[in-house]
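See below for the structure under consideration.
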Amino acid sequence: MRSDKKNVIVDLTFEFALAIIEYTELLESKRRYNMANQLFRSGTSIGANVREAQNAESKADFIHKMKIAAKEADETTYWLMLCHHPKNYPNPGKLQEQIDSINKILSKIIASSKTRTKSLPNFQID
């Protein structure tokens, strides 16, 4: 399923992972190690799963990997919300907007992939 065409979700999640790395380094400099670790793991996992989906063995495998990416994105949304509220935490800035966009795109990819799978004719070979 891999293609040399520009892939918006692959690019967005890669850029987001880079921004997460920078933000978690800032959290670590403020000695917020537990939050930095949680956010680093979920925030960088999104792109890793999206990237892995590009080499899926089947449409079902592709959807499964994208669903995992969506779960990681949802978890990242939670950690970013937590970082936004305490006064003694650095502001996550545009990370919340970025993850909202990623969540929307992942939802559309998953929904359209399921629709295309259901609309394919079911051929049987005897």
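Just so it is clear, none of the values below were taken in a lab; they were calculated from the coordinates. Every value quoted in this text rests on a predicted model; they were computed, and no experiment measured them. Cβ: placed from backbone, ideal geometry, glycine included. Neighbour counts: every protein chain shown.
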Relative contact order for the stretch 8-112: what is it in percent, counting Cα pairs under 8 Å that are at least 6 residues apart? 29 percent
Ranked from fewest to most other Cβ atoms within 10 Å of their own Cβ, ILE99, ILE105, ILE9 fall in the order ILE105, ILE9, ILE99
So which GluC sites (Glu not before Pro) in the stretch 1-105 are both in a DSSP loop and have at most 10 other Cβ atoms within 10 Å of their Cβ? GLU57
Which trypsin sites (Lys or Arg not before Pro) in the stretch 1-81 sit in a loop by DSSP (not H, G, I, E or B) and have at most 14 other Cβ atoms within 10 Å of their own Cβ? ARG2, LYS5, LYS6, LYS30, ARG31
